[in-house]
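Each remark here refers to the structure printed beneath this line.
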Amino acid sequence: MNCVNHDEECMNAQQRLQYLLCQFVEVISSSFAAAPVTLFLDDLQWADLASIAAVNQLLFTLGPSSSQKTRFFFLGCYREGEIDKRNPIWGLLCDGDLFNIRCTNIKLDCMDERTLNTMISETLCLSPRLTRALSSIIFHKTKGNPLFVSRLMNSLNKDGLLRPSLTRRRWEWDKGKILCQKLPDDVADFLTHSIEKLSEAVKTTLCTLSCLGASADNALIKALERAVQKNLVNNLDIAVSEGLLDKTDNQYLFSHDRIQEAAYNMIDFLDRCRSHFSYGMALVPLADGEDGESILLTAANQLNLAGPEAVQDKSQNVIVANINLRAGKKAMRMSDFRAAYSYFDKGISFL
């Protein structure tokens, strides 16, 4: 009987996937010699080992050491304060010199007052001289944080403090009232304050969406809406009109990851566990339906985020373990063996 080395199988499958990805990018790059193939990844601080390994392979294969005439440009963004030597991205940052890859590290600071005035001037289609007073107020309230600035300007517009004048044919503002506005000093507190001003139904729906992640497909939202018997879509559309969400043809997504974090942090820890478990169990019966394949992983993730402590009926332990077993098998078919191991391990913890 041959002894099967599962670790070697997993590694070989990942290497085959990386090879195919490199071949795909190489073909595109060689077909369009005038411009490089560009890969942009945001929020790299949350990237997993498999993703970083794939990027590393792309840089090594298509970098300066490549014998092919390929041009590949990688652009990644991450939060500086959330990266340490244990994070997968740390190795990516350190391996550039080893691969003889030219690497440029650009630190994006908050805007200074002059830059902010230029942005506001162009946004309002007014000369910098006319917007300097408004820019000064906004700068001292936001410290030049781009997200804070955009959210504050939207808020001022909705409150009627920054408005278009038909008679003057330009934007105008109420300097005194803007100065008197009491605003949180931190962008996260400001976003939380913005969410709290919404109706209870819209606020609850935003918190529900935050439990699902940074985005959710329309099919998933409608499936969950039927399962929990709550009106989610209409409330999400209101959040879209408030600028907190973006809506595409197939999904709702938070306009910024900080908005999702603010909504998620508004839920107490125990309520989060109960919510995750409730949503997961509501999706379990739908995992066998027409869209079952996509719902299966979402249901498993929700149940795992809740943890075994959220189980109230012991009979549910077997259900959750079975969902994780199915999710693990699906992950293996997708060659995502780390995720598969995680699903199997989580499933065992419920037994």
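The values are calculated or read from the model by the stated rules, or taken from the named source; none is laboratory data. These numbers were taken from a predicted model, which means no experiment stands behind them. Cβ: placed from backbone, ideal geometry, glycine included. Neighbour counts: every protein chain shown. For the accessible areas, the whole protein counts, side chains as well, though only heavy atoms, and no ligand, DNA or RNA atoms are used. Shrake-Rupley method; radii C 1.70, N 1.55, O 1.52, S 1.80 Å.
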* Could you give the size of the charge dipole of the chain about its Cα centre, using +1 on the Cβ of each K and R and -1 on the Cβ of each D and E, expressed in debye and rounded to the nearest 20? => 1120
* Asked: Helix-derived [θ] at 222 nm for the chain: sum -39500 (n - 2.57) over DSSP H runs of at least 4, divide by residue count, nearest 500?
  -> -18500 deg cm²/dmol
* Modelled label-to-label distance, Glu122 and Leu49, 7 Å Cα→beta-carbon offset: nm? -> 4.3
* Asked: For the range 129-224, how big is the tail of P(r) above 15 Å, as a whole percent of Cα pairs?
  -> 69
* Asked: Is the chain best put as rounded, prolate or oblate by its Cα gyration tensor, with a ≥ b ≥ c the root eigenvalues, rounded for a/c under 1.5, and otherwise prolate when a/b is larger than b/c, oblate when not?
  -> oblate
* With +1 on each Lys and Arg Cβ and -1 on each Asp and Glu Cβ, and nothing else charged, work out how big the dipole of the range 176-324 is about its Cα centre, in Debye to the nearest 20. => 340
* Asked: Quick one: Debye curve from the C-alpha atoms of the range 251-351, no solvent, what's log10 I(q)/I(0) at q = 0.24 Å⁻¹?
  -> -1.22
* Asked: Taking only protein heavy atoms and a 1.4 Å probe, what accessible area per residue, in Å², does the range 226-351 have with all protein chains in place?
  -> 55
* Accessible area of Arg170 in the full protein assembly, 1.4 Å probe (Å², nearest 10) -> 60
* Once label points are set 7 Å from the Cα along Cα→Cβ at both Asp112 and Lys329, what is their separation, rounded to one decimal in nm? -> 6.2
* Asked: Pulled fully out, how much extra length does the chain show between Asn154 and Phe40, if you take 0.36 nm times their separation in residues and subtract their Cα-Cα distance?
  -> 38.3 nm
* Of Thr115, Thr167, Thr123, the one that fluctuates the most in a GNM where the chain has Cα springs shorter than 10 Å -> Thr167
* Hey, got the dipole for the range 273-351? About the Cα centre, +1 on K and R Cβ, -1 on D and E Cβ, debye to the nearest 20? -> 220
* Accessible-area composition of the range 70-197, carbon plus sulfur, in percent [1.4 Å probe] -> 52
* Largest first, how would Thr248, Thr104 line up by accessible area (1.4 Å probe)? -> Thr104, Thr248
